[in-house]
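Peer 1: The structure follows.
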Amino acid sequence: MEKLKLITQASPWLILVCIAIGLAYALLLYSKKAEWSKTVNRSLAALRFTLVTILCLLLLLNPYLRQVSNTIEKPTVVFAIDNSQSIASTNDTSKIRQLYKELENLGNDLKKDQVNIDVQNLDATDLAKNLVTIPLNYASSNLSAILSGIKNNYENRNLDKVVLVSDGIYNQGISPVFQEYGFPIYTVGVGDTTKQRDIKLSAVLANKVAYLGNKFPVVAEVENVGYPGRSVNVYLSQNGQVIERKSITFKEDGELQQVTFLAEAKYKGMQRYMVYVDALENEFTKDNNARDVYIEVIDGKEKILVIAPTPHPDIKALKSAITKNENYSFDLHIPGITKLKNEKYDLVIAHQVPNIYRNGRDLLARFRKQKTPIFYVLGAQSDLRAFNSLNAGLRVIRRGRQVDAVTPIFNDKFNTFNFEQEKVSVFKKLPPASVPFGNYAASNSAQVILYQRVGSIETQKPLLVINELNGIKSAILAGEGMWEWRQEEYALNEKHEVIDELVSKVVQYLSTKEDKRRLRVYPINNEFYDFEKVVFETEMYNELYERIYDVKVNLSITNEEGKATTYSFTPTEGSSRFEISGLGKGVYKYSATATIKNKNEVSAGEFTIKSLQLEALNNTADHNLLRQLSQKTAGKFFTMNQTAALKKAVLDTRRPNKLHSSEEIQEMIHLKWIFFVLMALATIEWVIRKYQGSY
């Protein structure tokens, strides 16, 4: 429904003026005797009168056209269906299907009453066309997500109510009772609220990473319902072989016991272990008697060596920061005091090496020749001439033997790795570090992380820089006093966070090897659930390491039994990903090959697929939660046998239609159809005059 109204800010008397101008113009032009008939003359006068009058109205009055549009929105009822696996495992599916059939009949009655119907389930699929055939196979229950999704989708729309059909069990997200929705929720409770007899593995706890040859703990939490006084065996196995077995006895009903296994990391790579418990008679379900745990076994840690002429408190500060990460090992070598291990190190920290005592200089030269990344820390014992000759990324021209006391200032333009602004502010509160007094010059390839501030003056002298030249990385800290920084930070915040994170990120930058492969195929995650698609990202480069596309890639996926499946795809600029679905749980190895510029390139790795098993952890319906949800939202709770009462409540509380009005105001002079009307009037007049032999 639309309403049109003409409005103007000028006096309506101007309309008469415009009519008079149009009439005068037409009379002046067509009052003389013409070569054509009076009828034609009057028609031409009328055309000119209309044209001039309209133009005059548009120019003098500048009228506006007000258009009001009204639309009626019918109310909508949404059926929110919990289609998780627990619905099928704890209910008679024939009764569930019958319930869905009755809901479908309710939907038909609502449509007759001019009410829109929508159906949504846990995986956000709209199944309004066939409610009865909704698959009850979703691997998790997130009731707050489905209700929040409805809230977002129907914001500012005429949402009447939501009918939620569920057992009240949720195992992801927060409790739906804790959120505000703004619409009534009528809940239909299904499932059995009586606790079923069951032995289940509630959780399996283990570190994600273990080191080859080390032993690591696996902790299983076993819970019983209805089996007090019974004993069961709990097993840890790998590849079908039992590693360890333990027996436990439950003293009372509902008791939870922890069982700790100690396994040895014998094989490198991602390893799958299984923890399972004996099944007892009359268990409600055996699906929760076994759980998998995945451990990544790596061959050793990143080895970091500190070379120093003498002990120093900064070395302890560095060690404390670095060894927070279990992937790093830390060795200290003081020439003449400690013996150097026969190891291949991934990073060397040269603490005041080279120095005035010449300690460690030969060792430093050896690591430089091996192109090992080096983190230089300067101090009072440093030989700056020898250091400058290394071209490490920073030159320090010292003036005498004086030192400056400087505080660190973070370089806001540094972006190789990020720091939160809140953490950056901590640097200004740290005590001064001792640095050589003199001139500082960073090389063109260096990036400054920290500058020096002397008193209240912020200088452009670098305090901490990183550098990469000819593929060799280095870092330089131009002073000593890090141990005092850590102490002050703890005094301020009762934690060592900012300085340790700074050291950790510098060490990570230095120890990370640059990937020079021209073919890189990798899964976007290391772990997937068995209901998810495995997504591979593909990157290909030419000799200049420019991204290229449209090269065929062959991808081979091998499962734990050694069975390989091969796929082929061709990445394009708009689509560089490849998806695979239907893979079962386990550890998979993959190998991708492609021919780039007549050279065969290979990229390999592994990924893990887990079974979520959330739906097997709890099989007791929670109708109290559904009652609370309905009570909070001014809805009602019904059991699955009360569909007649549900139908009456839904139909009797129909929300009225919603009227939406929109108003649009336009200047008529900007309307296109006005232009075409004026053009038509002028054209018709010209054609008639032309036809009658005049201009």
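The values are calculated or read from the model by the stated rules, or taken from the named source; none is laboratory data. Since this is a predicted model, take the numbers as computed values, not measurements. Positions of Cβ are generated from backbone atoms using ideal geometry, with glycine treated the same way; all protein chains shown enter the neighbour counts.
Peer 1: Say whether the condition of being among the charged types (D, E, K, R), on the phi < 0 side of the Ramachandran plot, surrounded by 15 or more Cβ atoms within 10 Å (Cβ to Cβ) and in contact with a helix residue (DSSP H, G or I) (Cβ under 9 Å, 6 or more places away or on another chain) is met by at least one residue in region 583-590.
Peer 2: The first filter runs over region 583-590 and keeps only residues among the charged types (D, E, K, R), leaving 585, 589.
Those left that are additionally on the phi < 0 side of the Ramachandran plot: 585, 589.
Then keep just the ones that are surrounded by 15 or more Cβ atoms within 10 Å (Cβ to Cβ); that gives 585, 589.
From what is left, the residues that are in contact with a helix residue (DSSP H, G or I) (Cβ under 9 Å, 6 or more places away or on another chain) are none.
No, region 583-590 contains no residue that is among the charged types (D, E, K, R), on the phi < 0 side of the Ramachandran plot, surrounded by 15 or more Cβ atoms within 10 Å (Cβ to Cβ) and in contact with a helix residue (DSSP H, G or I) (Cβ under 9 Å, 6 or more places away or on another chain).
Peer 1: Also, quick follow-up: Out of the residues in region 188-205 that are in contact with a Phe, Trp or Tyr (Cβ under 7 Å, 6 or more places away or on another chain) and either among the hydroxyl-bearing types (Ser, Thr, Tyr) or under 27 Å from GLU255 (Cα atoms) (or both), which is modelled with the lowest pLDDT?
Peer 2: Once the filter is applied, the top-ranked residue is GLN196.
Peer 1: In region 269-300, which residues are assigned to a loop (DSSP other than H, G, I, E, B) and under 30 Å from TYR529 (Cβ atoms)? Please lay out each step first, then the result.
Peer 2: The initial filter retains those residues of region 269-300 that are assigned to a loop (DSSP other than H, G, I, E, B), namely 278-289, 299-300.
Result: ASP278, ALA279, LEU280, GLU283, PHE284, THR285, LYS286, ASP287, ASN288, ASN289, ASP299.
Peer 1: Continuing with this model, one more query. Six or more apart or on different chains, Cβ under 7 Å: which pairs go from a residue in region 7-23 that's closer than 23 Å to LEU44 by Cβ to one that's assigned to a helix (DSSP H, G or I) and among the hydroxyl-bearing types (Ser, Thr, Tyr)? Could you list them?
Peer 2: CYS18/THR53; ILE19/THR53; GLY22/THR53
Peer 1: Restricting attention to region 77-116, report how many residues are out of contact with any helix residue (DSSP H, G or I) (no Cβ under 6 Å at 6 or more places or on another chain) and of a type in the set (Asp, Glu).
Peer 2: Going through region 77-116 one residue at a time, the tally reaches 4.
Peer 1: Continuing with this model, one more query. Quick one: would you say LEU678 is under 26 Å from VAL188 (Cα atoms) and either part of a helix (DSSP H, G or I) or touching a Phe, Trp or Tyr at 6+ places or on another chain (Cβ under 8 Å) (or both)? Write out each step before concluding.
Peer 2: Numbers: under 26 Å from VAL188 (Cα atoms): no; either part of a helix (DSSP H, G or I) or touching a Phe, Trp or Tyr at 6+ places or on another chain (Cβ under 8 Å) (or both): yes.
Answer is no for this residue.
Peer 1: I would also like to ask the following. Got a number for residues in region 207-229 being in a loop (DSSP other than H, G, I, E, B), touching a strand residue (DSSP E or B) at 6+ places or on another chain (Cβ under 7 Å) and surrounded by fewer than 16 Cβ atoms within 10 Å (Cβ to Cβ)?
Peer 2: Residues meeting the conditions: 3.
Peer 1: Something else now. Identify all residues within region 261-277 that are surrounded by 13 or more Cβ atoms within 10 Å (Cβ to Cβ), more than 30 Å from VAL507 (Cα to Cα) and over 33 Å from the mean Cα position of the chain (by Cα); write none if there are none.
Peer 2: Within region 261-277, PHE261, ALA263, TYR276, VAL277 meet the criteria.
Peer 1: What number of residues in region 619-632 are under 15 Å from GLU180 (Cα atoms) and in contact with a Phe, Trp or Tyr (Cβ under 6 Å, 6 or more places away or on another chain)?
Peer 2: So the answer is 2.
Peer 1: Any residue in region 175-192 that's closer than 17 Å to THR620 by Cα: show its pairings with residues that are in a loop (DSSP other than H, G, I, E, B) and of a type in the set (Ser, Thr, Tyr) at Cβ separation under 7 Å, as long as the two are six or more apart or on different chains.
Peer 2: Here the result reads GLY191/THR90; ASP192/THR90, each pair linking region 175-192 to a residue that is in a loop (DSSP other than H, G, I, E, B) and of a type in the set (Ser, Thr, Tyr).
Peer 1: Checking the conditions here, which among LEU58, LEU65 is in contact with a helix residue (DSSP H, G or I) (Cβ under 6 Å, 6 or more places away or on another chain) and not in a helix (DSSP H, G or I)?
Peer 2: Working: LEU58 fails: not in a helix (DSSP H, G or I).
Being in contact with a helix residue (DSSP H, G or I) (Cβ under 6 Å, 6 or more places away or on another chain) and not in a helix (DSSP H, G or I) holds for just one of LEU58, LEU65, which is LEU65.
Peer 1: Among the residues of region 158-180, which ones are crowded, with 18+ Cβ neighbours inside 10 Å, at negative phi and part of a loop (DSSP other than H, G, I, E, B)?
Peer 2: ASN158, ASP167, ILE169, TYR170, ASN171
Peer 1: Additional query: Identify the single condition in (1) part of a helix (DSSP H, G or I); (2) surrounded by 16 or more Cβ atoms within 10 Å (Cβ to Cβ); (3) under 60 Å from the mean Cα position of the chain (by Cα); (4) charged (D, E, K, R) that LYS101 does not satisfy, given that it satisfies every other one.
Peer 2: Among (1) part of a helix (DSSP H, G or I); (2) surrounded by 16 or more Cβ atoms within 10 Å (Cβ to Cβ); (3) under 60 Å from the mean Cα position of the chain (by Cα); (4) charged (D, E, K, R), the lone unmet condition for LYS101 is (2).
Peer 1: Need a quick list: strands (runs of 3 or more DSSP E) entirely within region 373-452 having at least 3 residues that are over 38 Å from the mean Cα position of the chain (by Cα).
Peer 2: Details: elements: 374-377, 394-410, 433-442.
Correct list: 394-410, 433-442.
Peer 1: Please work out which residue is nearest to the chain's Cα centre (by Cα), limiting yourself to region 466-507 and to residues that are assigned to a helix (DSSP H, G or I) and of a type in the set (Ser, Thr, Tyr).
Peer 2: Of region 466-507, the ones assigned to a helix (DSSP H, G or I) are 482-493, 498-507.
Still in the list and also of a type in the set (Ser, Thr, Tyr): 490, 504.
Values: TYR490: 32, SER504: 24 Å.
Here the answer is SER504.
Peer 1: Over 28 Å from the mean Cα position of the chain (by Cα) and within 23 Å of HIS623 (Cα to Cα): does that describe VAL119?
Peer 2: Here the answer is no, as VAL119 does not meet what is asked.
Peer 1: Another question, if that's okay. With respect to LEU280, determine if the residue is surrounded by 14 or more Cβ atoms within 10 Å (Cβ to Cβ), without any contact (Cβ under 8 Å) to a residue 60 or more places away in the chain and either over 36 Å from the mean Cα position of the chain (by Cα) or within 21 Å of SER389 (Cα to Cα) (or both).
Peer 2: Values: surrounded by 14 or more Cβ atoms within 10 Å (Cβ to Cβ): yes; without any contact (Cβ under 8 Å) to a residue 60 or more places away in the chain: no; either over 36 Å from the mean Cα position of the chain (by Cα) or within 21 Å of SER389 (Cα to Cα) (or both): yes.
No, not satisfied.
Peer 1: Same structure again: Just checking, which of ALA290, ALA350 is of a type outside the set (S, T, N, Q) and at pLDDT below 95? So that I can check it myself, show each step before the final result.
Peer 2: On the way: ALA350 fails: at pLDDT below 95.
Of ALA290, ALA350, the one residue that is of a type outside the set (S, T, N, Q) and at pLDDT below 95 is ALA290.
Peer 1: Can SER86 be described as modelled with pLDDT of 90 or more and not aliphatic (A, V, I, L, M)? Break it down into steps so the answer makes sense when it comes.
Peer 2: Values: modelled with pLDDT of 90 or more: no; not aliphatic (A, V, I, L, M): yes.
Against the criterion (modelled with pLDDT of 90 or more and not aliphatic (A, V, I, L, M)), SER86 does not qualify.
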